[in-house]
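Below: the structure, in structure tokens.
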Amino acid sequence: MKSRSLLSALSLEPQDIPPIWLMRQAGRYLPEYQKIRQNFKNFLDMIKKPDICAELAMQPINRFDLDASILFSDILTIPSALGLGLEFGEGHGPVFSKPISSTEDIQRLPTEVPHEELNYVYEAVLATRKVLPSNIPLIGFCGSPWTLAAYSIEGKGSKDFHKTKKFITNYPKEVTELLNTLTQACFEYLKEQVKCGVEALQIFDSWADILSLQDFQNLSLNPTQKLVELLRKDKLTSEIPIILFEKAPPRDLTELDLKNITCLSLHWSQNLVMTSERFYGIKALQGNLDPSILKNSDEEIEQAIQYILNSMHGYPGFIFNLGHGITPDIEPSKVQLMIDLVRGN
Ligand code: 1CP
């Protein structure tokens, strides 16, 4: 049988076929997801049910025979547990009813991670690991400290993050304090996920693109590297593969060291060829098909996939993925086509 193992690829072992999984592989584009989703008014109520999370994580595995499963949860569980009042209203994205609006709000945050408030996530890991075939690895995840800070200050997603940018200019010291709190919380959160059975971790820096070059280093990269160091220093997590997704970062990743990060998950705007030349034999690479290409004709999809496969042929540690999360307007049949093309079926 031809090899296509995610964990082996993360160890830079050459695979016969690139392992494939998709960012946001469980979700709104799947009719079987919509069927379960309609039973819950609030997304948060749904992810608080471990058996439902396990079922949702299994849906894309059952349908597409993907090479990895990702925990069904969300990156905003940590700010929610810190008391910022997360709501997923219908028809719009996540909103915090008590965002961070003053320096006092930062001082008021719990210094310890309220694990009891996050227990539903750890239960979801246990429930998923129970139903997932043993040869399919489970990926745990969190948002980067910066991405969580941006959501916590802005109170919701935004195009320009104006409120957040004003806040970081006015209160640089307190923002550092907030990032430290979130870094520690992410570390303990990921460690607990590992304890419950996840075999790889992905950190989502989904708001890297709103920062200037200087702020990207100080507010995003430095706290993320600190989180990685905490994981590497802990006996339980010292060996765990760590995948980092930077969404359209203002700095070219090839200029960076990104110490102790096992794998870079490349945004679709990044140059896969240049990145593969820089990190050959050093890091695994994951990516990076623009998800919107899956709305094109079969021929166009095939062309884009062939380009990636040809570029990465012979790269030890290549994992096929999208260059950002799959969107609700994509037909599952196009996803099947992509998988067949990657596997040469
Ligand atoms: O109404 C619904 O059905 C909710 C849609 C939804 C889903 C399916 C949300 C709300 N979150 C999720 C699950 C989710 N989120 C997963 C597990 C599913 C999987 O990957 O198979 C993961 C890994 C996430 C991570 C996440 N949440 C990110 C990082 C990835 C990225 O796309 O950059 C971000 C930014 C969020 C915030 C979030 N959660 C949900 C929404 C609508 C948003 C806003 C951003 C967005 O719309 O993508």
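The values are calculated or read from the model by the stated rules, or taken from the named source; none is laboratory data. What you are looking at is a predicted structure, and each value in this text was computed from that prediction instead of being measured. Cβ atoms come from the backbone with ideal geometry, glycine included; neighbour counts cover every protein chain shown. Note: areas computed on protein heavy atoms with side chains; ligands, DNA, RNA excluded. Shrake-Rupley method; radii C 1.70, N 1.55, O 1.52, S 1.80 Å.
General remarks:
- Single residue of T164, T176, T183 found to be within 11 Å of I100 (Cβ to Cβ) and either of a type outside the set (A, V, I, L, M) or touching a Phe, Trp or Tyr at 6+ places or on another chain (Cβ under 6 Å) (or both): T164
- The condition of being touching a residue at least 60 places away in the same chain (Cβ under 8 Å) and within 13 Å of the ligand (Cβ to nearest atom) holds for only one of I106, I100, I136, I70, that being I70.
- The set of residues in region 272-282 that are free of Cβ contacts under 8 Å to residues at least 60 places away in the same chain and either open to solvent by 50 Å² or more (accessible area, probe 1.4 Å) or not polar (S, T, N, Q) (or both) comprises L272, V273, M274, E277, R278, F279, Y280, I282.
- Among the candidates L219, L253, residue that is out of contact with any Ser or Thr (no Cβ under 8 Å at 6 or more places or on another chain) and among the aliphatic types (A, V, I, L, M): L219
- Candidates in region 73-97 are the residues that are among the acidic types (D, E) and under 18 Å from K49 (Cβ atoms); of these, the one that is nearest to the ligand (Cβ to nearest atom) is D74.
- When the residues of region 1-52 are filtered to those that are touching a strand residue (DSSP E or B) at 6+ places or on another chain (Cβ under 7 Å) and within 13 Å of the ligand (Cβ to nearest atom), the one that is modelled with the lowest pLDDT is N42.
- Applying the condition of being touching a residue at least 40 places away in the same chain (Cβ under 8 Å) and within 11 Å of the ligand (Cβ to nearest atom) to region 53-67 and asking which residue is surrounded by the most Cβ atoms within 10 Å (Cβ to Cβ) yields A57.
- Residue in region 200-214 that is within 16 Å of the ligand (Cβ to nearest atom), open to solvent by 10 Å² or more (accessible area, probe 1.4 Å), β-branched (V, I, T) and more than 25 Å from E13 (Cα to Cα) present: yes
- For region 144-164, the criterion of being in contact with a strand residue (DSSP E or B) (Cβ under 7 Å, 6 or more places away or on another chain), in contact (Cβ under 8 Å) with a residue 24 or more places away in the chain, of a type outside the set (S, T, Y) and open to solvent by less than 20 Å² (accessible area, probe 1.4 Å) is satisfied by at least one residue.
- Some residue of region 21-32 being over 17 Å from the mean Cα position of the chain (by Cα), open to solvent by 30 Å² or more (accessible area, probe 1.4 Å) and more than 30 Å from K283 (Cα to Cα): yes
- Among the residues listed as L294, L322, L285, the single one being crowded, with 20+ Cβ neighbours inside 10 Å, closer than 20 Å to E13 by Cβ and under 22 Å from the mean Cα position of the chain (by Cα): L285
- Residues being in a loop (DSSP other than H, G, I, E, B) and either surrounded by 22 or more Cβ atoms within 10 Å (Cβ to Cβ) or at negative phi (or both) - total across region 297-319: 5
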